[in-house]
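Please read the structure below before turning to the comments.
Each value in this text was obtained by applying a stated rule to the coordinates, not by laboratory testing. Predicted, not measured: the structure shown is a model, and the values here were computed from it. A quick note on method: Cβ atoms are made from the backbone with ideal geometry, for glycine too, and the neighbour counts reach across all protein chains shown.
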């Protein structure tokens, strides 16, 4: 349902600045989801909705990590 691929989020021909902008948007969405989850959990709403929000938040975290790895240069050890 929330399976995200890096090609779905960022086309491979984007430069570092575009990747940074997309990364900032994803970080903001991740932060907003955190607040939304806390609000929904406090009001004892539907547990299924909370689970879906947490799954989306985890998918965003994975995508953020992938984008951050694109910004780091490959270092041959």
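For the pair residue 50 and residue 32, label points projected 7 Å from Cα toward Cβ lie 2.2 nm apart. For 52, 66, the sequence from fewest to most other C-beta atoms within 10 Å is 52, 66. Averaged over residues, the count of other Cβ atoms within 10 Å places the peptides 68-76, 22-30, 56-64, 34-42 in the sequence 56-64, 22-30, 34-42, 68-76, highest first.
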